[in-house]
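Inspection log for the structure reproduced underneath, given as structure tokens.
The values are calculated or read from the model by the stated rules, or taken from the named source; none is laboratory data. What you see is a predicted model, and the numbers here were worked out from it, not measured in a lab. Using ideal geometry, Cβ is built from the backbone for each residue, glycine included, and neighbour counts are taken over all protein chains shown.
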Amino acid sequence: MEEKPWFRFWPEGLPRSLEYPEVPLHDLLRQAVDKHPEASAIVFEGRKMSFRELDELSDRVAAALVDLNVEKGDRVALLLPNVPQFPIGFYGALKAGAVVVPCNSLYRERELRYQLNDSGAETIIALDLLYSTVEKIRSETKLRSAAVTNVRDYLPSAKRIIGPLFKKELRKRTFPDTLNFFDLIKRPPRPPKVEIDPKEDLAVLQYTGGTTGVSKGAMLTHGNLVSNTLMVSNWLPFTERDIHLAVLPFFHIFGLTCAMTAPLSAGNTIIPLPRFTAKKVLEVIQSYRVTLFCGVPTMYVALINHPDTSRYDLTSIRKCVSGAAPLPLAVMNKFNELTNGNLVEGYGLTEASPVTHCNPLDKKEKVRSGSIGIPFPDTDSRIVDLDKSEKEVEPGEAGELAIKGPQVMKGYWKMSEETENVLRGDWLLTGDIAKIDEDGYFYIVDRKKDMIDASGLKVWPREVEDVLYEHPGVREAAVIGVPDPYRGETVKAFVSLKEEYKEKIDKEELINFCREKIASYKAPSLIEFKDELPKTLIGKILRRALREKESQ
């Protein structure tokens, strides 16, 4: 690989290029089983599952799926939160040669119907509490087979405390024309022998969050996911004794790779949590001596602001990576102070399996505020002109972030035009506006689609949000463009205040605060206070939802 400016800041001991075995993704699990058969792969509410047990159960699921006429390339949907059945079903489907379609557990009928029909899934494994949504639309989909499971199935026999996490009863529910998950794992552990071409065959059909429009299925091959799984485990890097808090949803690509496939492939232990609550996370970190924890900024904000945080021993934390949204420097510093660990910001997207950039974790370099870091091994990145994607812009100049590497998707499922719009040769156009500095560190400016055009002047919402976060009273902020008869668009900010600042701050104070720090045309002319801002399940603030509400 040609010399790059970021190589001067490369993590010590990490090769610039890694070796990626040409094997299916589930082979990485088998390799971990060979090395650590009796080590704990999963600990769920105190119940331990060894690597050998996880491997055998997924073998049984694979055999059962074949009995249900699942063939190579067929899509198998998973509608499950972070429970042991997810990795069991995930690896079982891969071993059967199927393509996994992870479904968001918060989806309503319309969203789930679209994803099931678009993917063509004919088989689904679902939590019983979520299956009622499937039941309402099943006749409108291609589903032939459905297996239903319950959270209790993998709880310790004496422990039935997880109900509050779902805010519903834990009693088992039965549905007509469905199998019980235990029916699947009664099959002998004899998975079929399926020939997989890692470079071409799909492992996962991962749907984008739809934060900027219609959800698209990113076709991720076994090779894509093997490469990113190994990039993640080498970058941090993992030790054989690491314990991972898995609270990012497995159905989201960030959680799937960073909280599930990477730790398990390295022989590490994961502790799945079906839902994020700050108190539960604090308890789990202390009780299990968690060492690694990938999350999103809103999670770290909640942890440092919890009234009881100081009562917990969080010093087992070694390293954390935050993604999906900008990480305020003040949050990073406070979390590192509480844990004596190292929280840094990274970057990824569904179309790249997902991680492409991260800040080095060896603490040699001082933190560069607002930077997503440098590209992963074997990953090239550049900033290109917004109108001419073949033209690279100068350092410090804003343009579109482009990425090239073995983790980049094959394309969008059944969307050739959209694929051509983002894949230019080997390069993926991310739709994110970014800059690179002289040292090769990258900085996200904003989403291309979120740009505000105020009297012909470009305003990037993230820049305004960063200024608002500097105010001590601001807990959360989101900025959008709204129609203006004179300027075309003007800047509006939605702000959630910290409890102790409510009733003490007015809109004018925040507007003036911004005008002192950025050009007046960038400062919000409108501010609306809200108790909570709309978010995705992993905590990413939804500007699109704010725009839609504003246009009503």
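In segment 352-385, which residues are of a type in the set (Asp, Glu) and on the phi > 0 side of the Ramachandran plot? Matches in segment 352-385: Asp378 only. Residues that are in contact with a helix residue (DSSP H, G or I) (Cβ under 9 Å, 6 or more places away or on another chain) number at least 3 in the following strands (runs of 3 or more DSSP E) confined to segment 303-422: 319-322, 342-348, 355-358, 371-375.
The set of residues from segment 25-77 being of a type in the set (A, V, I, L, M, F, W, C) and in contact with an Asp or Glu (Cβ under 6 Å, 6 or more places away or on another chain) comprises just one member, Val33.
Against the conditions (1) without any contact (Cβ under 8 Å) to a residue 40 or more places away in the chain; (2) farther than 29 Å from Tyr20 by Cα, Ala402 satisfies every one except (2). All conditions but one from (1) closer than 15 Å to Pro81 by Cα; (2) in contact (Cβ under 8 Å) with a residue 60 or more places away in the chain; (3) among the hydrophobic types (A, V, I, L, M, F, W, C) apply to Ala203; the one that does not is (1). Just one of (1) surrounded by 23 or more Cβ atoms within 10 Å (Cβ to Cβ); (2) out of contact with any Gly (no Cβ under 6 Å at 6 or more places or on another chain) fails for Leu106. It is (1). Only one of the numbered conditions (1) assigned by TED's automatic domain parsing to the domain that holds Asp506; (2) of a type outside the set (S, T, N, Q); (3) in contact (Cβ under 8 Å) with a residue 40 or more places away in the chain is violated by Lys458, and that is (3).
The rows are residues; the columns are (1) in contact with a helix residue (DSSP H, G or I) (Cβ under 9 Å, 6 or more places away or on another chain); (2) more than 17 Å from Arg544 (Cβ to Cβ).
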{"site": "Val445", "(1), (2)": "yes, yes"}
{"site": "Ser455", "(1), (2)": "no, yes"}
{"site": "Val467", "(1), (2)": "yes, yes"}
{"site": "Pro472", "(1), (2)": "yes, yes"}
{"site": "Gly481", "(1), (2)": "yes, no"}
{"site": "Gly488", "(1), (2)": "no, yes"}
{"site": "Lys492", "(1), (2)": "yes, no"}
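Just checking, does segment 223-235 include any residue being assigned to a loop (DSSP other than H, G, I, E, B), assigned by TED's automatic domain parsing to the domain that holds Gly73 and over 24 Å from Pro326 (Cβ atoms)? No, that holds for no residue.
One residue alone among Glu438, Glu418, Glu392 is surrounded by fewer than 16 Cβ atoms within 10 Å (Cβ to Cβ), under 23 Å from the mean Cα position of the chain (by Cα) and more than 30 Å from Ile511 (Cα to Cα), and that residue is Glu418.
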